[in-house]
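Presented below is the structure to which this report refers.
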Amino acid sequence: MYDLNGFMRELEKRNPAQEEYIQAVREVVASVIDVVNSNERYLRNKILDRIVEPNAIHEFRVEWEDDNHQVQVNRGWRVQFNNAIGPYKGGIRFQKNVTLGTLKFLGFEQVFKNSLTSLPMGGAKGGSDFDPTGKSESEIRRFCQSFMRCMFKYIGPEIDIPAGDMGVGGREVGFMFGEWKRLTSEHVGVLTGKSLACGGSLIRPEATGFGSLYFANEMLKRNGDSIKGKTVAVSGFGNVAWGAVLKANELGAKVVTISGPDGYVYDEDGISGDKIGYMLEMRSSNRNIVEPYVERFPSARFFRGKKPWERKTDIAIPCACQNELDINDAKQLVSNGVGYVVETSNMGCVAEAVDFFIGKRIPFAPGKAANAGGVSVSGLEMTQNSMKCSWSAKEVDDKLKAIMENIHKACVENGADGDYVNYVKGANIAGFRKVADAMCDMGF
Ligand code: 2IT
């Protein structure tokens, strides 16, 4: 029998200074421990001990030359967490504060997220402490090429298929894909999130944000409610936030905030039309600040150093980074009467905030369910690459919507508690079961 606190104490001892990884594991183990303890096969297979341990971690020195012809050195990793249900799959994050602990947390989350999509994908994550802010395109290209030279021997279209994450978009994926081709001479689907010209999929850029709103729509529908006419607070202003704002508008909601590391923008008139396109311009400027929005659209206001959660809105959609929403933010949202929280960043809320929302019976979608649309369309990109075909935007979008509805259903089936749905528990149990069963079926 497993004991949550005993198990976690041991894990903390073995993984010093990896708080984010410990946080992610604790949430999953707390959700599934009763399922495991009542399943003789899981116990006999020591399933928890095995599932929290990455299959392999590759760490490399990434050397590149900056525009001043100086040698630069960064650290890179590919964490291949679990391939029980399919080849390793997960994004690459370039951000200055990335550590191995960050990538272990993201890889661990990816295992259960990918399982929820119902597509055959294992979980992985990669990245580097390289900071793209302010870098020239040539520097970014040289870095991406060097990163791929370090990583290419560990990946492949049937082994491990990386994609983008924070700091890695279509441009960076293109540079890495180009280097893979030069090294191997193969044009295959070894990366997803490629440009259309390189064999990417329609709707991949929109997929995470669209998926999150499809999931939100299901949550509201279950409560006899509708997104139409709701006000929405979004954080972040990158690819994920952009897709979420786009789809929220399509569904008739009004998005009043976006944010960056510098603060947040409050736009009472709603972020719609050209303003959504301007998010992409801010992103591609590589400055990582959101303040230029109010220079361009002066009726909006900028709040330096503040977070959008101080605003009164119906739905909160964190789309920036892990632990961006703390317990004080959660209390403020609840006292302002927030109806739904749809975590779209990976582990966007601290554990105490999640417990607070659940304690107040606010419908709370965890990132691994709400943001699974991105990797789902990556899975669909892999299918198209294998079939040597390309689907229309509608075909992909319809499939994405069906996948998100399915994930919502799985969360309800495993997390319903009377009228309330504990989506955290539901997502963790549903995602865990398939991976655990595959691991037991295959022996060790
Ligand atoms: O967090 C994520 O799910 C992603 N960054 C997307 C991963 C992918 O393989 O598309």
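The values are calculated or read from the model by the stated rules, or taken from the named source; none is laboratory data. Owing to the predicted nature of the structure, the values given are computational and were not obtained by experimental measurement. Reconstructed Cβ throughout: ideal geometry from the backbone, glycine too, with neighbour counts over all protein chains shown. Just the protein is used for accessible areas: all its heavy atoms, side chains included, with ligands, DNA and RNA removed. Shrake-Rupley method; radii C 1.70, N 1.55, O 1.52, S 1.80 Å.
Here are the numbers for this structure:
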| item | result |
| --- | --- |
| Failed criterion for Tyr293 (all others in (1) open to solvent by less than 30 Å² (accessible area, probe 1.4 Å); (2) under 24 Å from the mean Cα position of the chain (by Cα) hold) | (2) |
| Some residue of segment 333-345 being at pLDDT 95 or above, within 16 Å of the ligand (Cβ to nearest atom), more than 14 Å from Ile258 (Cβ to Cβ) and aliphatic (A, V, I, L, M) | yes |
| Residues that are more than 16 Å from the ligand (Cβ to nearest atom) and open to solvent by less than 40 Å² (accessible area, probe 1.4 Å), drawn from segment 132-143 | Ser136, Glu139, Ile140, Phe143 |
| Residues located in segment 117-131, provided they are buried (at least 17 other Cβ atoms within 10 Å of the Cβ) and more than 16 Å from the ligand (Cβ to nearest atom) | Asp129, Phe130 |
| Scan of segment 34-71 for residues that are open to solvent by less than 20 Å² (accessible area, probe 1.4 Å) and among the aliphatic types (A, V, I, L, M), ordered by number | Val36, Ile47, Leu48, Ile51, Val52, Val62 |
| Residue within segment 195-203 that is polar (S, T, N, Q), open to solvent by 40 Å² or more (accessible area, probe 1.4 Å) and either at pLDDT below 95 or out of contact with any helix residue (DSSP H, G or I) (no Cβ under 8 Å at 6 or more places or on another chain) (or both) present | no |
| Matching residues, segment 172-187, being in contact with a helix residue (DSSP H, G or I) (Cβ under 7 Å, 6 or more places away or on another chain) and within 16 Å of the ligand (Cβ to nearest atom) | Glu172, Met176, Trp180 |
| Odd one out for Met151 among (1) in a loop (DSSP other than H, G, I, E, B); (2) under 19 Å from Asn83 (Cβ atoms); (3) open to solvent by less than 40 Å² (accessible area, probe 1.4 Å) | (1) |
| Strands (runs of 3 or more DSSP E) enclosed by segment 244-327 - at least 2 residues per element that are touching a strand residue (DSSP E or B) at 6+ places or on another chain (Cβ under 8 Å) and free of Cβ contacts under 8 Å to residues at least 60 places away in the same chain | 254-260, 263-266, 301-304 |
| Residues satisfying the stated conditions in segment 86-104, i.e. out of contact with any Pro (no Cβ under 7 Å at 6 or more places or on another chain) and surrounded by fewer than 24 Cβ atoms within 10 Å (Cβ to Cβ) | Pro87, Arg93, Gln95, Lys96, Asn97, Thr99, Leu100, Gly101 |
| Scope segment 83-113; condition away from the ligand (no atom under 16 Å from the Cβ) and within 23 Å of Ile161 (Cβ to Cβ); matching residues | Ala84, Leu100 |
| Residue among Ala248, Ala244 that alone is under 23 Å from Arg93 (Cα atoms) and either surrounded by fewer than 17 Cβ atoms within 10 Å (Cβ to Cβ) or modelled with pLDDT of 95 or more (or both) | Ala244 |
| Condition check for Val168: buried (at least 23 other Cβ atoms within 10 Å of the Cβ), within 24 Å of Val71 (Cβ to Cβ), within 11 Å of the ligand (Cβ to nearest atom) and within 20 Å of the chain's Cα centre (by Cα) | yes |
| Residue match in segment 223-231 (condition: in contact with a Ser or Thr (Cβ under 9 Å, 6 or more places away or on another chain) and among the aliphatic types (A, V, I, L, M)) | no |
| Segment 215-243: number of residues that are assigned to a loop (DSSP other than H, G, I, E, B) and among the hydroxyl-bearing types (Ser, Thr, Tyr) | 2 |
| Subset of segment 362-378 (residues that are aliphatic (A, V, I, L, M) and within 8 Å of the ligand (Cβ to nearest atom)) | Ala372, Val375, Val377 |
| Residue, farthest from the chain's Cα centre (by Cα), within segment 268-290, restricted to residues that are basic (Lys, Arg) and crowded, with 17+ Cβ neighbours inside 10 Å | Lys275 |
| Residue within segment 72-82 that is surrounded by fewer than 22 Cβ atoms within 10 Å (Cβ to Cβ), closer than 19 Å to Met151 by Cβ and within 13 Å of the ligand (Cβ to nearest atom) present | no |
